[in-house]
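The values are calculated or read from the model by the stated rules, or taken from the named source; none is laboratory data. All values derive from a computational prediction rather than experimental measurement. Here the Cβ is made from the backbone with ideal geometry for all residues, glycine too, and neighbour counts use every protein chain on show. We work out accessible area using only protein heavy atoms, side chains counted, and drop any ligands, DNA or RNA first. Shrake-Rupley method; radii C 1.70, N 1.55, O 1.52, S 1.80 Å.
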Amino acid sequence: MKDYNMKKKLPVGIEDFVEIRTEDFYYVDKTAMIRDLLYAWGKVNLFTRPRRFGKSLNMSMLKAFLEIGCDSSLFDGLEISKEVALCEKYMGKFPIISISLKSVEGADYESARSYMCSEIGREALRFNFLLESEHLSDIEKGIYRKLVNADPIHPDFFTMSDDVLKGSLSVLSSLLRKHYGKKVIILIDEYDVPLAKANEEKYYTQMVKLIRGIFDKALKSNEDLYFAVLTGCLRVAKESIFTGLNNPNILSITNVRFDEYFGFTDEEVKGILNYYKLDDKYKDIKEWYDGYRFGNMDVYCPWDVISYCYELTANPSARPKDYWSNTSGNDAVRHLIEKAGNEQTKSEIEALVAGETVEKEIHEDLTYNQLYDTINNIWSVLFATGYLTQRGMLENEDADIYQLAIPNREIRRIFTRQITSYFNNIVIENSKRFEDFCDAMKSGDAEKTEKLLTSYLYDSITVRDSSVQKDKKEILYHGLMIGILANVDGWKAKTNADTGDGYSDVMVKIPREDIGIIVEFKYAENAQFTAGCKEAMDQIERMDYTRELKNEGYHTIYKYGIACFKKKCKVVCKKEGYVLEE
């Protein structure tokens, strides 16, 4: 049985502040955000951050602090408890309406609308004491009943007319104010998820109209509102759903204010690692999950750090991996790569993968139905959603131009996987070139293989000659090769195959034709192709990469040494038992 030494549990997937504080989970103290918000709030405050950066947990924290009947002991020992006067004035003093729209999605508008009714209906049901309130008239109680009108067959679903739904948050805030005699705070988490899904499923116009109607009544013409806080991934243009709101307080990833409250700072990560005695993993965690810049603060992705530390507490030898892909479809990266038809964009993607920066004008106010209309919009989406981050801003009076970079190794891996996937489609589309390449490989024709591989390099996104380590440059090249060969019917191709005394980059078995192929790539620094090929062939011989093929009885074995530099390559081939001519 593993000895956990009575450590606090790691909050993997826990977004409820009360649960974290009462069930002995480790908590990274972000309560100073409450102080800063209460000293500088606007009527409507919108925080935009990428997914998995603690937005929902912070909203839960705000609710736990501000709502009437709160448990003040939840905040004992935390940063906000030092603000005695602020706590006396605000803690537990307000009616709170808190909804999350992250589950408001559906294959069609009616399904999504139904989820919206249920989300608001369940929140309204928390206040069923309003039916007994001596401060409300019978008519007002009747209005409340319309908000909690559950479907008799499916009691988890609530039904509302369009008028009731659009006025639901406004009406509920009015009823709560009359009951408590205090203005209401409205919290709306992941406000833009319904818009994203609606755009995917082609009912965007209907969803915009619905959300605009709800927001207009709840956030604009609502005399019962003290203030509101919204979170989302993107800052949707005012003319889309925020029409008429008086200067909403937009707090995006470019703002300095609140920059340290979403994501973990370096000091906070070191604190977690020290607590769980994982200090030796700092370098790996920094390389894989750090690198985001919000305002003036460099931060790590909390989801990644917590998830990896959770694995490490059970398996100290666990290697870092991509946790981000499980929370996002990576559509923005795919759209960028698909639009990389011109050499400029292709070169910029290559620069990013190589660890360099590109300079782009960023538009933070977009509409979901225009996200992927232009390549310029896609750059902005990648920035807003965390696939790219800023490394500086250029002086320009007419535009917001940022130096953009891939933040860390995890996101770089997502880019390379999408590049490989896109390249596989290119391979399949040109069947003649594909067949010629395979024929050349299985016959040991180095000259033809070199010519066709070079043509593939020009069509693909490869690496640039930069400070990136040599072995990392080689990864994209043998990834490209496996992307080609994996499409061949009857061929068994694998990368980094366990062969001989080490790992060859690519090994291919063609059982029907009794042919085996070993491929080793080298990055030809400064275009030293001959030296690169020799190094590759020497490694194949020295490490005995053909042993597995021989043991399985393959009589024809080709050994390829391939040296690559940018979009050029040199190929040499040696057939087992023959000497390569110099």
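Being in a helix (DSSP H, G or I) and over 39 Å from the mean Cα position of the chain (by Cα) is a description that applies to Lys550.
Identify the residue in segment 132-153 that is assigned to a loop (DSSP other than H, G, I, E, B) and among the small types (Gly, Ala, Ser) and, among all such residues, is least open to solvent (accessible area, probe 1.4 Å). Before you say what the answer is, go through the steps one by one.
Quick first cut of segment 132-153, residues assigned to a loop (DSSP other than H, G, I, E, B) only: 133-137, 148-149, 151-153.
With the extra rule that they be among the small types (Gly, Ala, Ser), the set shrinks to 133, 137.
On the way: Ser133: 5, Ser137: 52 Å².
Among those residues, the one meeting the criterion is Ser133.
Residues of segment 345-355 that are within 20 Å of the chain's Cα centre (by Cα) and either open to solvent by 30 Å² or more (accessible area, probe 1.4 Å) or among the aromatic types (Phe, Trp, Tyr) (or both): Gly355 alone. Considered as a group, the residues in segment 97-126 that are basic (Lys, Arg) and within 25 Å of Ala64 (Cβ to Cβ) include one that is surrounded by the most Cβ atoms within 10 Å (Cβ to Cβ), and that residue is Lys102. Filtered by the rule that a residue be β-branched (Val, Ile, Thr) and over 20 Å from Tyr523 (Cα atoms), segment 421-459 gives Ile426, Val427, Ile428.
What strands (runs of 3 or more DSSP E), lying completely within segment 243-308, carry at least 3 residues that are out of contact with any Asp or Glu (no Cβ under 7 Å at 6 or more places or on another chain), open to solvent by 10 Å² or more (accessible area, probe 1.4 Å) and without any contact (Cβ under 8 Å) to a residue 40 or more places away in the chain? Please lay out each step first, then the result.
Numbers: elements: 249-251, 292-294, 297-299.
No strands (runs of 3 or more DSSP E) qualify here.
In segment 88-111, the qualifying residues are those that are in a loop (DSSP other than H, G, I, E, B) and basic (Lys, Arg), and the one that is nearest to the chain's Cα centre (by Cα) is Lys102. Cβ-Cβ distances below 7 Å connect the following pairs, each with a first residue in segment 492-505 that is at pLDDT 85 or above, a second residue that is surrounded by fewer than 18 Cβ atoms within 10 Å (Cβ to Cβ), and a separation of six or more residues or different chains: Ala493/Ala486; Asp505/Asn496. Taking segment 221-242 as the range and being at pLDDT 90 or above and open to solvent by 20 Å² or more (accessible area, probe 1.4 Å) as the test, the residues that pass are Glu223, Asp224, Tyr226.
Just to be sure, is Ser380 over 27 Å from Ile250 (Cα atoms), without any contact (Cβ under 8 Å) to a residue 40 or more places away in the chain and among the small types (Gly, Ala, Ser)?
Numbers: over 27 Å from Ile250 (Cα atoms): no; without any contact (Cβ under 8 Å) to a residue 40 or more places away in the chain: yes; among the small types (Gly, Ala, Ser): yes.
In short, no.
I'm trying to understand the selection: among the residues of segment 179-212, which are more than 30 Å from the chain's Cα centre (by Cα) and more than 20 Å from Met59 (Cα to Cα)?
First, pick out the residues of segment 179-212 that are more than 30 Å from the chain's Cα centre (by Cα): 179-184.
Answer for segment 179-212, where residues must be more than 30 Å from the chain's Cα centre (by Cα) and more than 20 Å from Met59 (Cα to Cα): His179, Tyr180, Gly181, Lys182.
The residues of segment 515-536 that are outside any strand (DSSP E or B), surrounded by fewer than 22 Cβ atoms within 10 Å (Cβ to Cβ) and out of contact with any Phe, Trp or Tyr (no Cβ under 6 Å at 6 or more places or on another chain), listed by number, are Glu525, Asn526, Gln528, Phe529, Thr530, Ala531, Lys534, Glu535.
What tally of residues in segment 174-195 results from selecting those that are modelled with pLDDT under 95 and closer than 13 Å to Ile96 by Cα? Final tally of qualifying residues: 0. Could you tell me which residue of segment 163-204 is most open to solvent (accessible area, probe 1.4 Å), considering only residues that are farther than 24 Å from Leu136 by Cβ and free of Cβ contacts under 8 Å to residues at least 24 places away in the same chain? Within segment 163-204, the match that is most open to solvent (accessible area, probe 1.4 Å) is Lys202. Only one entry of Phe129, Phe94 meets the criterion of being under 30 Å from Pro152 (Cβ atoms) and either open to solvent by 60 Å² or more (accessible area, probe 1.4 Å) or modelled with pLDDT of 95 or more (or both), and that entry is Phe129.
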